[in-house]
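The structure appears right after this line, and notes come after that.
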Amino acid sequence: MSDSEKHVSKRTCVKSKRSRFILATVALIVIIAAVVPSVVVTTLKKNSMGPKAKVFVPLYIYPAPEAWAPLENVISTHPNVNFTVVINPGNGPGPDSLPDGNYTREIPKLTAYDNVRVLGYVYTSYGKRNVSAVRKDIQTYSDWPTNSSNPNLAVRGIFFDETPQQYDAQTLTYLQGLTDFVKDLKDLGPDRFVVHNPGAVPDSRYLATADSTVVFEAAYTTFQEREGAKLFTNIADSNRTQLCAIVHSVPESVEGKHLRSLVKQVRKVAEEVYITHLSTDYYASFGGKWTEFVDLMAA
């Protein structure tokens, strides 16, 4: 073989090796492109907490100095989480035109946050309370900004406690009238948000008279029983954006991945969620896993 022929042969061999290397590299890139997205998607699915939800807070804690600090701390550190906070100065707004000084000091701190909606507590005695008395409570809340000369001393809607579960035409009219009254009061802000609390799944005809309804307010064990029975799967004439769930008395052993699983379960049911490990006075303080719960709601 001549020197020129040997040179051509070596060059052909080099070209062949280079081609195989390029083909192998391309093949590897194609495989990575195909596999990595599926791995990422699988990981995201595994870590997903499901639909976003608001933290619902029955804030029945008297606002002594620093008493509301655990709430303010999580609000400020989780600006992307929305909070619905119910205040209850005196089984409603109280007998006076304004609440006491501790409330007038602390409420504006909450309303200053863009991710907080404050609601005023009003009870209805399952639709039996005198409608004039209920309207008076609502009006008192509405008048707070004017009476205090402080636009931040305000609520942005009403939480109606003790609303009925069983249907009654007269009660439906009663509740719709109260909602209309709230919606007409401009001092209740742009939201004028209405929440009903029957504490259980009510007759579906009541749902349209509120922006949100508490369809569960009970212990952890009861939630597991009702979730297992698929009680929340097909609530007539509703979707989860209209629903709120409150789960208390969660066992201390439900933490870490188990608490994560619970939060995910409840978020599937409702757009507003409150979960606490406290088994007594569960609205009068913040439980030891309060921050962990809010962290999971942010996920």
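Got a sec? Which of GLU227, GLU217 is without any contact (Cβ under 8 Å) to a residue 40 or more places away in the chain and not hydrophobic (A, V, I, L, M, F, W, C)? Testing whether each residue is without any contact (Cβ under 8 Å) to a residue 40 or more places away in the chain and not hydrophobic (A, V, I, L, M, F, W, C) leaves just GLU217. Restricting to the stretch 101-136, name every residue that is in a helix (DSSP H, G or I) and closer than 23 Å to LEU175 by Cβ. Across the stretch 101-136, the qualifying residues are VAL131, SER132, ALA133, VAL134, ARG135, LYS136.
Here PHE232 clears all of (1) in contact with a helix residue (DSSP H, G or I) (Cβ under 7 Å, 6 or more places away or on another chain); (2) at pLDDT 95 or above; (3) not small (Gly, Ala, Ser) except the condition numbered (2). Taking the criterion of being surrounded by 23 or more Cβ atoms within 10 Å (Cβ to Cβ) and in a loop (DSSP other than H, G, I, E, B), the only residue of the stretch 256-285 that qualifies is ALA270.
Looking only at residues in the stretch 79-127 that are surrounded by fewer than 19 Cβ atoms within 10 Å (Cβ to Cβ) and polar (S, T, N, Q), the one that is nearest to ASP187 (Cα to Cα) is SER97.
Would you please list the contacts, defined by Cβ atoms under 7 Å and residues six or more apart or on different chains, that run from a residue in the stretch 266-277 that is touching a residue at least 24 places away in the same chain (Cβ under 8 Å) to a residue that is basic (Lys, Arg) and surrounded by fewer than 24 Cβ atoms within 10 Å (Cβ to Cβ)? Every condition considered, the pairs that remain are VAL269/ARG240; ALA270/ARG240; GLU271/LYS54; GLU271/ARG240; GLU272/LYS54; VAL273/ARG267; HIS277/LYS289. Is it the case that the stretch 69-78 has a residue that's within 24 Å of PHE216 (Cα to Cα), surrounded by fewer than 19 Cβ atoms within 10 Å (Cβ to Cβ) and not hydroxyl-bearing (Ser, Thr, Tyr)? No - not one qualifying residue is present in the stretch 69-78. Scanning the stretch 43-100 for residues that are in a loop (DSSP other than H, G, I, E, B), within 17 Å of VAL118 (Cβ to Cβ) and of a type in the set (A, V, I, L, M) yields ILE61, ALA67, VAL81, LEU98. Does SER253 satisfy being in a helix (DSSP H, G or I) and farther than 18 Å from LYS54 by Cβ? Against the criterion (in a helix (DSSP H, G or I) and farther than 18 Å from LYS54 by Cβ), SER253 does not qualify.
Every condition in (1) over 23 Å from ASP143 (Cβ atoms); (2) more than 21 Å from the chain's Cα centre (by Cα) holds for PHE216 except the one numbered (2).
The values are calculated or read from the model by the stated rules, or taken from the named source; none is laboratory data. Remember, predicted model here, so these are calculated numbers, not experimental data. When we count neighbours, we look across all protein chains shown, and the Cβ atoms used for this are built from the backbone with ideal geometry, even at glycine.
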